[in-house]
Amino acid sequence: MKTKFTKFAAAAMAVVMAFALAACGGGSNGGGSSEGGDNVLKLGGVGPITGPAALYGQAVEKGAKLAVEEINAANPDGVQLSFDMQDDEHDAEKAINAYNKLVDDGMQVLVGTVTSTPCTAVATEADANRTFALTPSASAPDVTEGHDNVFQLCFSDPNQGVASAQYVLGNFADAKVGVIYNNSDNYSSGIFSKFKAEYKNAIEETTFTSDSATDFTAQLSTLKNAGVDLVFLPIYYTEASIILDQAKKMDYAPKFFGCDGMDGILDLEGFDTSLAEGLMLLTPYTPYSEDAKSKAFTEAYQAAYNETPIQFAADAYDCVYAIYEAFGKTGLETSASMEEICEALIGVFTGDFTVSGVTAESMKWNANGEVEKTPKVCEIQDGKYVEK
Amino acid sequence: MADRILKSISTRGLKNAVRGSEYKKEALISYGILIAGYLVLQMGAMMGLIGRNLQGQFIPICVYISLAISLNLVVGISGELSLGHAGFMAVGAFTGAIVTRVLENGMTFAPARLLIALIISGAMAALAGFIIGLPILGLRGDYLAIVTLAFGEIIRNIMNVLYFGLDENGHLKFAFNHEIEGIENSGRILTGPIGATGVSKIATFTYAALLTAFTLFVVLNIKNSKQGRAIMAIRDNRIAGESIGLNVKKYKLMAFVVSASLAGMAGCMFGQNFSTLAPVKFNFNTSVLILVFVVLGGIGNIWGGMIAAALLTILPEALRQFSDYRMLAYSIVLIVVMIATYNPTIKSRVNALWTKVNPFKAKDKEGDKDRKRKKSGKEAA
């Protein structure tokens, strides 16, 4: 009897403690007025700070914080911003928890979420709950589809696929094109299906899944034997780095062409950057750009965090500025509720609002929530991105 | 007669024969936790004491509790290690997503849709459990664990290449490894690696709690039935079980299939709580997580698993204040709890402390004797 009672008592105690802890974090101020500072607009962010996609979430957190600090310092008497980033581990269930936590804490506008699958889940919650969301990097079309309150600052996957196909058709008209893509990944298969539809000519297709993303010799041999001289890689840079390495080992040197997931390859630890020479990629931002805005951002970011920003950081930085400027146009006070701000911001974003940032000049949004901006194609030369 | 012999083979059966109240007590505690938990959370939510963050976890908590109970049927009662539970959950989740979408046009009453989806999901998961269980249940221990792991991954990989959709006439279309042609975006149900999108979310806390109660009812009743005693007898002494003519494979398969079916229903409820559902959610990690609930709550201990599932679901959220160190803190808590729960020194210290303040001192002697009897019985076995 005794042990049972002890166990039960211990378990009961643990339950009580867990609830106490949860209550500490909880509270139920349903997104109303801001506390503390008088004139603060509360931004929240959701993204992977831990787990396999942590690099993206951390870059977004740093980029957004940099913009918040700049805005606050530039105009101490005007609207101030606060930013709270919550971890979702790149998991839809955790992302909803993180979003709910932010709403509990009185968030007014959501910057996020960072990755596509969690963002699709959060978009539905944010739609039902009327939170304005501007995602820096969730590029799947499902993110914005059917939700009037969710906007993208990055290109959607279909647009990237279409833009890549147009560029390849325009610049490598005679090339025999092959592809290696991840058919278990939303991003990769999403881009490729649109690329294929736009490109129309024959493509030598090879695939892998996230579980087999360590050895690509079979795919590379297939492409090599088929005489492919341009390989389209709509995948993330960690896998691409292995492909580049293995291609070099088998003396196969086609032109490699990637999308925005390729960004970050030069900063990958232990990666021989000479392998990436001649790699082309579609990206809205490069840290080596001569553009005044990009340069200023890159320098500020390096000074603050002692590392080179990736595109996700630039996207998040632009998100915060876009929200800040749009909020100024709504004419609302920062004491307005999350729902009021949501409706007002939807009005501004679907109107003739344009904003210029690090990733593009005069970005504007259509009613679907997709951004309209010009893509940039870069080539890696001497370990740097050179715009084409 | 055979039932009597079973009781004498199984140590737990023996104890049960001696003290018939054991099952009643277990049932009382299990249902008690469920009902008390439901009432406290529901009232807390109604009175506005519980924030969105915790409210959003109500349904997942119920689902994880159901999964822990159903896995306990295999791991605790049948005594086999299964690492593929998330696979059955996936079968249920995606079946549920398809069924509710197909029924959406004709059936406006959401609870009826959910009920039908739950039944079909349970049946599909049972079928999957049967197909998988049939060839592999001859294996024992670690071998079985590895094969179930592999099957869990196979199920998830099949989900990765499944495409389902409704065309404009409302007919269900199916494709393997490529997108279906002629389907509008709004008609997509399953899209390979993207999974189910546009789920209309019909799960509520009450339905989820009812499902948990149903799972509890099934598992406790199996445990307390002739079949359950046969399953436990085989667990405790396979040779003795075979010698009195028990069909080992049949009983093992029974536990496995029922467990899979209940996991499928839980998966269906889980899927109906999220607007989007990717196959990657049901990977090996989720299987292990469910196993952790069972192990932490004490293998075979139904209500222990329930508490462990609830706590370990809330814990990562409760630790959000540690921000960057959250997952580190979670791991440390897990290690500490695992060590503390099974450390004999800590156990005896706690027991000693409990003896001092125990208000039921009179009962102690009897309890001690009972425990000794149990111990010697185990050693003999």
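Bear in mind these aren't lab numbers, they're just calculated from the coordinates by the rules spelled out. Keep in mind that what you see is a predicted model, and the values were worked out from it rather than measured. A quick note on method: Cβ atoms are made from the backbone with ideal geometry, for glycine too, and the neighbour counts reach across all protein chains shown.
Overview of results
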{"item": "Label-point separation, B:Gln321 to B:Arg349 (7 Å along Cα→Cβ), nm", "result": "2.5"}
{"item": "Kirkwood hydrodynamic radius (C-alpha pairs) into Stokes-Einstein, the protein assembly as shown, 25 °C and 0.890 mPa s, D in µm²/s", "result": "87"}
{"item": "Chain B, relative contact order in percent, only Cα pairs under 8 angstrom and at least six apart counted", "result": "29"}
{"item": "CD proxy at 222 nm, helix term only [per DSSP H run n ≥ 4: -39500 (n - 2.57); per residue of chain B; nearest 500]", "result": "-23000 deg cm²/dmol"}
{"item": "Per-residue Cβ neighbour rank within 10 angstrom, fewest leading, B:Arg235, B:Arg156", "result": "B:Arg235, B:Arg156"}
{"item": "Relative contact order computed over chain A (Cα-Cα under 8 Å; 6+ residues apart), in percent", "result": "18"}
{"item": "Quarter of Cα convex hull surface for segment A:51-186, i.e. mean projection, nm²", "result": "10.7"}
{"item": "P(r) weight above 25 Å for segment B:2-325, C-alpha pairs, percent", "result": "52"}
{"item": "If the convex hull is drawn through the Cα atoms of segment A:240-346, its volume per residue in Å³", "result": "148"}
{"item": "Average beta-carbon neighbours from other chains, 10 Å sphere, peptide B:188-200", "result": "4"}
{"item": "Among A:Leu233, A:Ala175, A:Leu281 the positive-end extreme of the charge dipole of segment A:158-283 (Cβ point charges)", "result": "A:Ala175"}
{"item": "Nearest-0.05 FRET efficiency for A:Asn201 and A:Asp382, computed from C-beta distance (R0 25 Å)", "result": "0.20"}
{"item": "Peptide-level mean, for A:187-193, of C-beta atoms on other protein chains within 10 Å", "result": "2"}
{"item": "Order by protection proxy (mean Cβ within 10 Å, highest first), peptides B:84-94, A:271-281", "result": "B:84-94, A:271-281"}
{"item": "Residue range of chain B that is longest and free of GluC sites (Glu not before Pro) which are both DSSP loop and sparsely packed (at most 10 other C-beta within 10 Å)", "result": "B:185-381"}
{"item": "Segments B:273-280, A:147-154, B:112-119 sorted - mean Cβ within 10 Å per residue, highest first", "result": "B:273-280, A:147-154, B:112-119"}
{"item": "Counting all C-alpha pairs of segment A:158-283, share separated by more than 24 Å (%)", "result": "18"}
{"item": "Radius, Kirkwood style, for segment B:88-167 when every pair of distinct Cα atoms is counted (Å)", "result": "14.1"}
{"item": "Rough spin-label spacing in nm, given labels placed 7 Å along Cα→Cβ, for A:Glu372 and A:Glu269", "result": "4.4"}
{"item": "Taking segment A:158-283 and dividing mean pair separation by its residue count, relative contact order in percent (alpha carbons under 8 Å, at least six apart)", "result": "25"}
{"item": "Ranked by how many other beta carbons lie within 10 Å on average, peptides B:128-139, A:179-190 from highest", "result": "A:179-190, B:128-139"}
{"item": "In sequence order, calculated HN-Hα J values of segment B:208-213 (Karplus, 6.51, -1.76, 1.60; Hz; x Gly/Pro)", "result": "5, 5, 5, 5, 4, 4"}
{"item": "Simple spin-label estimate for A:Asp352 and B:Asn221 in nanometres, 7 Å along Cα-Cβ", "result": "7.0"}
{"item": "Average silhouette area of chain A, convex hull of alpha-carbon atoms, in square nanometres", "result": "22.7"}
{"item": "For residues of B:311-319, the mean tally of beta carbons on other chains within 10 Å", "result": "5"}
